[in-house]
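Visitor: Sharing a structure here in structure tokens format.
The values are calculated or read from the model by the stated rules, or taken from the named source; none is laboratory data. Note that the structure is predicted; figures quoted are calculated from it, not measured. Neighbour counts are summed over all protein chains in view; Cβ atoms, including those assigned to glycine, are modelled from backbone coordinates with ideal geometry.
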Amino acid sequence: MQTEHPEEEKRGLTRRQIVSLILALAGLILLIAGLWMMRVPEVPPDEVGVELSAPSDGTGWSLDQVREDYPVGKLVVTTDREDYENGSMRLVIPILNQDVLVQSDVDTESLRSGPGLYEYSQLPAPDTNANVSIAGHRDIEGAEFYYIDRLTDGDLMYLVYQEQVYVYLYESTQIIQSDDWNPIASKEYPCLTLTSCDPVGTFVNRIVVTGRLVDVWKMSDQTVFAAKADTGSFESQAH
């Protein structure tokens, strides 16, 4: 049977083709945008922060002076932690090329601005067994901790707080279940605990990196953050 309106059918088919083309282009644009958001951050250069670390300021800080102010193995909420304000502390990880301000919470909005303190974190102090516990992103919401799994023996991490520089030596990395809170509980010694999601972009597990406090400096214009510890320089403090 012959079509009565061949021209109208032809025009209709053309319109359908145009609509299909527009939808295909829109899909391609969305795909490109999604891939851009999921891009892997630039690999930190190996040479970042390889200068020698600043010497101790002569205060004679020693791990032997640390008191167990916080109950070991417990989650603790402190008054000074509750009073902490956004950006009052810096986290510096030279080997990852990271120097960021620490937020006051780990909720979604806070972590979009950078790593944040857990509610149960203590704040660093030279004479306490504070466990400063910080969460950060390694996905499309933020990538400060994207390469956290690369931290290894000899790597140094720093907290700058109230004109003091707290120097932490890498101790361990572990993968735990997302509901395991033990890593941020108080320990027998002062430490820094960094956590993020694992695998990247999921909430299946958490990766936990721990560093042990090995020195405390007075912050100055001459302070240099080394990426690696000098061989044996912190051996007595780390053990």
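Visitor: Y189 passes all but one of (1) under 20 Å from P71 (Cβ atoms); (2) buried (at least 19 other Cβ atoms within 10 Å of the Cβ); which number fails?
Guide: (2)
Visitor: I've got another one for you. Determine, yes or no, whether Y118 is within 22 Å of K218 (Cα to Cα) and assigned by TED's automatic domain parsing to the domain that holds M219.
Guide: No; evaluated as a whole, the condition is false for this residue.
Visitor: Please go through the stretch 74-85 and pick out each residue that is part of a loop (DSSP other than H, G, I, E, B) and closer than 21 Å to N129 by Cα.
Guide: Answer for the stretch 74-85, where residues must be part of a loop (DSSP other than H, G, I, E, B) and closer than 21 Å to N129 by Cα: K74, L75, V76, V77, T78, D83, Y84.
Visitor: May I pose another question? Is there a residue in the stretch 204-214 that is of a type outside the set (V, I, T), out of contact with any Phe, Trp or Tyr (no Cβ under 6 Å at 6 or more places or on another chain), assigned to a loop (DSSP other than H, G, I, E, B) and at negative phi?
Guide: no
Visitor: Something else about it: Give all pairs with beta carbons closer than 9 Å in which a residue from the stretch 87-103 that is under 13 Å from G136 (Cβ atoms) meets a residue that is among the basic types (K, R) and surrounded by 23 or more Cβ atoms within 10 Å (Cβ to Cβ); count only pairs at least 6 apart in sequence or on separate chains.
Guide: Once the first residue is under 13 Å from G136 (Cβ atoms) and sits in the stretch 87-103, no partner that is among the basic types (K, R) and surrounded by 23 or more Cβ atoms within 10 Å (Cβ to Cβ) comes close enough.
Visitor: Inspect the stretch 169-179 for any residue being under 19 Å from G136 (Cα atoms), of a type in the set (D, E, K, R) and outside any strand (DSSP E or B) and give the result as yes or no.
Guide: So far as the stretch 169-179 goes, yes, one or more of its residues are under 19 Å from G136 (Cα atoms), of a type in the set (D, E, K, R) and outside any strand (DSSP E or B).
Visitor: Given the criterion farther than 21 Å from G87 by Cβ, modelled with pLDDT of 95 or more and crowded, with 21+ Cβ neighbours inside 10 Å, identify the matching residue among L117, L156. Even if it seems obvious, please write down each step before you answer.
Guide: Values: L117 fails: farther than 21 Å from G87 by Cβ.
Of the residues listed, the single one that is farther than 21 Å from G87 by Cβ, modelled with pLDDT of 95 or more and crowded, with 21+ Cβ neighbours inside 10 Å is L156.
Visitor: Scan the stretch 148-176 and report the pairs whose first residue is under 17 Å from S133 (Cβ atoms) and whose second residue is part of a loop (DSSP other than H, G, I, E, B) and of a type in the set (D, E), with Cβ atoms within less than 7 Å and a gap of 6+ or a chain change.
Guide: Pairs that qualify, where the first residue is under 17 Å from S133 (Cβ atoms) and the partner is part of a loop (DSSP other than H, G, I, E, B) and of a type in the set (D, E), are Y170/D153.
Visitor: Let me ask something else. Can we say P71 is in contact with a Phe, Trp or Tyr (Cβ under 8 Å, 6 or more places away or on another chain) and either modelled with pLDDT of 95 or more or part of a loop (DSSP other than H, G, I, E, B) (or both)? Give the derivation first.
Guide: On the way: in contact with a Phe, Trp or Tyr (Cβ under 8 Å, 6 or more places away or on another chain): no; either modelled with pLDDT of 95 or more or part of a loop (DSSP other than H, G, I, E, B) (or both): yes.
Against the criterion (in contact with a Phe, Trp or Tyr (Cβ under 8 Å, 6 or more places away or on another chain) and either modelled with pLDDT of 95 or more or part of a loop (DSSP other than H, G, I, E, B) (or both)), P71 does not qualify.
Visitor: Across the stretch 159-186, which residue is surrounded by the most Cβ atoms within 10 Å (Cβ to Cβ) among those that are out of contact with any strand residue (DSSP E or B) (no Cβ under 6 Å at 6 or more places or on another chain) and among the acidic types (D, E)?
Guide: For the stretch 159-186, the residue satisfying everything is D180.
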